[in-house]
Structures are given as structure tokens and as C-alpha cells.
Amino acid sequence: MDINTEIKNRRTFAIISHPDAGKTTLTEKLLLFGGAIHVAGAVKNNKIRKTATSDFLEIEKQRGISVATSVMTFDYKGIKINILDTPGHKDFAEDTYRTLTAVDSVILVIDSAKGVEEQTLKLMEVCRMRATPVMIFINKMDRDGKDSFDLLQELEEELKIAACPFTWPIGKGSDFKGVYNLYNSSLLLYTPEKSEKSEILINTGEKDDPKLKDFLGQKTLTNLWDDIELVSELFESFQENLYNEGYLAPVFFGSALNNFGVLEMLETFLDIARHPTETETKERVVKPNEPHFSGFIFKIHANLDPNHRNRIAFLRVCSGKFERNKLYYHPRLNKNMRFSAPATFMANSKSTVDEAFPGDVIGLYDNGSLKIGDSLTEGEVLHFKGIPNFSPEIIKEVVNRDPLKTKQLEKGVRQLTDEGLAQLFIQQMGNRKFIGTVGELQFDVIKYRLEHEYGAKCDFHSTPYIKACWITSENKDALNEMLRRRAGSIAYDKENTPVFLAENEWMIKIVKESHPLVTFHSTSEFNV
Ligand code: G4P
């Protein structure tokens, strides 16, 4: 197959949601359709249960599972589908944001009773930042949820995206009868069974089809036509370019648990979701069908076996063909690397791949040379854009508990932060080290891993800081003046970029006002 066909036949996406909306359940149903698994429950993905908030042994177990589900690949009707898994727990949100840099589109799951939730908003912000096309699955229609019009209005207002219903629900909760497909004028009847059997589909064609009346009754049918009329007045009709640009989201209603409405969404998704496209680098735009291979690392997973400190780096192929055992160029280290066992993962199995194409994600074994954001090429220097760090919200100071193990602690902290687990900031005054994260859970993970993998012991002391903002200025003197005047609140990230450690939002405002020529950034990539 030539590379253009390979590209056209690939869909790489992530399923995202606020925890508990039904992401795991939906993922599982898709895998069942693809024949990638055969029984429900075979994939409990890397969801960290609410009860396990600071149980690091549980986290360790989950880490094992999450390697296997980092990317789930299967074929469906000749299309190669790569679903990139994202952690459900909000403390791992940054991992999720980075995974979103490696997908071409997303499916957002919304709980029909809860509507837009906190994590939904944050995830959508990241999608907007990258103009990622979004499709929405409104889940749990078998439960009493919000009014469908209200829900769509909420989506539009809060997610700042035009909702475009592809299906429309008939009733909800115990009264849920099914959905009407607005695009192929068919009725999908709901059968409340947790089975994988196919759904009943009635092609109606005609508005006054007597079969419709038989199934729904006159009253429900009249309501349905009224609703549909209103839908066409209130919401945008589908335009592929608006979807591809991330302005318009096709919306489907269903119930993942009951496997209802899922297949419909999948088939529409495969039809309209875009295949791997161009990727921006600092140097130029990379097209997927270029003859030379290029790709970037967006996730690193430390090996579970602490005696062998090799890690798995996840690479998204952006252009050309990746081949096993070929020498590739690592621009940051200016060296060549060869990978003899690139892997793909599925459910609980792992296999070696000989080649991979744009859109594919492969796991590369490595003992520390690869960092998040690194690129691999056939010789060209490329820096892929859009893999930023985000302003951490919890900042703690690392305090060594065993002076004899200082070296191990330094190494451990560096390597774990290279993995993207947290961010490291070093204050030159007093050489204090701060770890910044988006959640508390990471501190337990880091502490546990420092002890078990590096033999180092540390404590994390609270600091008054609530945020770290990267600071830049075109005016060197203005920047230097701020660095001097605010030295007590300045630290440096790994790239040696200064960050301002703020104690509260008010402080940020005041400091911004007194240093008007300095720009404050909430992500480490300033031109995104
Ligand atoms: P998440 O990955 O987004 O966090 O959500 P997950 O799929 O684990 O679903 C969260 C809960 O919602 C699960 O129940 C799941 O069974 C339920 N659920 C998912 N889809 C539907 C649906 O369409 N209708 C209804 N009524 N429930 C749904 P749980 O009791 O928390 O977990 P479990 O014991 O079933 O695994």
C-alpha cells in the first residue's frame, strides 16, 4: 500500500471526559466493535479509582495497566483506528493534555445528567488551543438527565463550540425510546440490554411512515417532529470544514453501558473524522506523506521493573515510514538511535512492529535518552510545536531526607520530571528545588518511586506558591529588572526559562502592573 492510502486509512483520536461520564465504557464498546476484545470488562483502562486518591500501591498497579492501554489499535472496516488513552484522574490532567498533542481529533463524552463539568472545560480549552476537531457523545440517556435543548445550549455556551446534533433523543430515563438520526432519517430503537448485539434500525424515509407511528405512538411522534423542527432552527447544520477547524461539534445521544448509539457514532466518526494531517514544527510544516520519517515523543513511561531502568517512550509518527532497526536522528542530542523492538500495545498484549505510518503511535524502549517533546527524524532538525508544560497549581519544595543519597535524589528528580510526571523549578538563590504539579497524587507517586527506584528519600514541604508563570520579554533590561527585583519569587525550569512563583492571583496582577514590558505565560510554549 502506498503511503497516501496508509494515511487515508488511519484515524488517531482520544476519548476524553470528566471522570465517570463513561469514557471507559465507551472505549470498551468501540473495542468490542473492532473485535479487539471479546468480552466487556476486558479492558479496565488506566482509570484511577476515586477511592485510591493517595494509595500509591494502587497507582503502581494502575501504571502497569496503563502501559497496555496507552494506545489501543484495531481495524474496523479497513480503517486502522488508534485510540489514545488518557488518564481519568484529574491529578494526571497534564498527561492528558500532552496526549492530546498526538491525536487528530477527539470524542468528548458528556454525562446527560451532569452536563459540562470542570474537567470537560479544561480539556476543551486544550482542544481549542490546538483547534482539534471534537465530536460529542451525550451518554447515560437511560437515566433521567437534563433537557436535551438545555444540554446543547450549555455545550455551546460553556465549551464555546457550535453543537450540531446528528441524532435526536426520544424521551429520556425510564421513558427513553431511542434516537432519530437526522442525517439518514432513520429511527434507532432503544433496547435496555447490556449486550453487544446489534441495534434495531428502522429506515423510515417518510415523515408520515406508519411504522414510525406504530413504534412511537402519535403523541411522541408529534413531539419528535416538533423537536426536529426546532433543532434545525436553533443549531448549525453540518459543515465538514467547520468541524475540522474545531468550531462545530457533531453531537450523538446514547448509552454506552447499553451499547446504544455507539456504533452509529463510530461509523459517522470514521466517515468524517480527519486522517493524519500536517504537523507544525518550529522550522516548517511537516506533511504526513513526505518521504522521510519524522515523529515526536509525547509520553514516557518508566518500566515497572525498578532493576532495569529502561523506559518506554511513546512516539507519534508524523511523516514518512518508521522502520524497525533503522538509524534515526535525535536532534536534541545530535546523535543517531536505532530501535530494535518498537512496540504496539493492545489490551494485555504487546507486539513488536516492523513499520509504522503517520498517525501511528509506537512504544520505544530507551534508557533515558528520550524526553517529552523530543523529535526523531532522518537527519533534519525539527522541533515539533504544541507540547507545552502547563502552569502547575501545586508547588512544593523538595527536602532531602538522606544527605548520603543526594546524587540519587537529584538524578531521580530529574528523570521523573523528564517523564512529565511533574515539573522541576530550581531557585538559584539557595539552590532550592520545587516540584510543580496539577494534582496532589503525583507527590505520592514521586516519593514512592524515588525511594523504590533510586533509593532516595525526600519530603515535600508546602510553599506559599499557588502558581508558576513563565516570564519573557523582548526588552532584556525589563526582564532583568524583574528578575533582580523579584529574585525571591523567581525560579528556573529545565530549559533555564525563568518562572515567577506567585502566592496569589492578586500578586500576579500587581507584579504584572509593575513590570508592564514582561509577559506572563501559563504554558511553557509561548507561540502556541
Ligand atoms: P469514566 O471512564 O469516564 O470515568 O467512566 P466509566 O466508563 O467508568 O463509567 C462511570 C460509571 O457510569 C460506571 O458505573 C458505568 O457503568 C456507568 N455508565 C457508563 N455509561 C453508562 C450509561 O450509558 N448508562 C448508565 N446508567 N450508566 C453508565 P460504576 O458503577 O461507577 O462503575 P462500574 O462498577 O460499573 O465499573
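Read the figures in this text as sums done on the coordinates, not as results from a lab. What you see is a predicted model, and the numbers here were worked out from it, not measured in a lab. Here the Cβ is made from the backbone with ideal geometry for all residues, glycine too, and neighbour counts use every protein chain on show.
Observations on the model:
- Averaged over residues, the count of other Cβ atoms within 10 Å places the peptides 254-263, 452-461 in the sequence 254-263, 452-461, highest first.
- Pairs from 371/407; 80/114; 299/321; 29/211 whose Cα-Cα separation, in the structure shown, is over 23 Å: 80/114; 29/211
- Computed packing ranks the peptides 100-108, 513-521, 225-233, 287-295 as 100-108, 287-295, 513-521, 225-233, most packed first, by mean other Cβ atoms within 10 Å.
- Under 12 Å from the Cα of residue 433 - aspartates and glutamates, other chains or at least 8 residues apart: 397, 410, 459, 493
- Aspartates and glutamates whose Cα lies under 19 Å from that of residue 219, excluding same-chain neighbours fewer than 8 positions away: 147, 175, 206, 208, 209, 227, 229
- For residue 321, nonlocal amide neighbours, meaning residues 5 or more places apart or on other chains whose placed amide H falls under 5 Å from its own, are 293.
- Proximity of backbone amide H atoms, modeled 1.01 Å from N, is registered between residue 137 and 108, 109, 110, 252 at under 5 Å, excluding neighbours fewer than 5 places apart on the same chain.
- Residues whose amide H falls under 5 Å from that of residue 332, counting only those 5 or more places apart or on a different chain, are 375, with hydrogens built in the peptide plane.
- DSSP bridge orientation in the chain - percent antiparallel, rounded to nearest 5: 75
- Calculated from backbone phi, Karplus (6.51, -1.76, 1.60) coupling profile of region 359-373 in Hz, x at Gly/Pro: x, 6, 10, 10, x, 10, 7, 7, 10, x, 7, 9, 10, 4, x
- All Cα-Cα distances of the chain, cut into 10 Å bins from zero to the largest, leave 4, 17, 26, 25, 17, 8, 3, 0, 0 percent in each bin in turn.
- Proximal aspartates and glutamates relative to residue 77, as straight alpha-carbon distance under 20 Å, when same-chain residues fewer than 8 apart are discounted: 2, 6, 28, 104, 196, 199, 264, 267, 271, 360
- Protection-proxy order for peptides 483-490, 138-145, 442-449, each taking the mean of Cβ atoms within 10 Å per residue, highest first: 138-145, 442-449, 483-490
- Of 146/207; 122/172; 350/467; 140/385, those spanning more than 30 Å from alpha-carbon to alpha-carbon: 350/467; 140/385
- Calculated from the alpha-carbon coordinates, region 112-254 shows an Rg and a Dmax of 15.7, 48 Å respectively.
- Using θ = phi - 60° and Karplus 6.51 cos²θ - 1.76 cosθ + 1.60, couplings along region 288-294 (whole Hz; Gly, Pro as x): x, 8, 5, x, 9, 6, 8
- For region 399-412, 3J(HN,Hα) computed residue by residue from phi via the Karplus equation (6.51, -1.76, 1.60; θ = phi - 60°) reads 10, 5, 9, 9, x, 6, 10, 4, 4, 4, 5, 4, 5, x Hz, glycine and proline entered as x.
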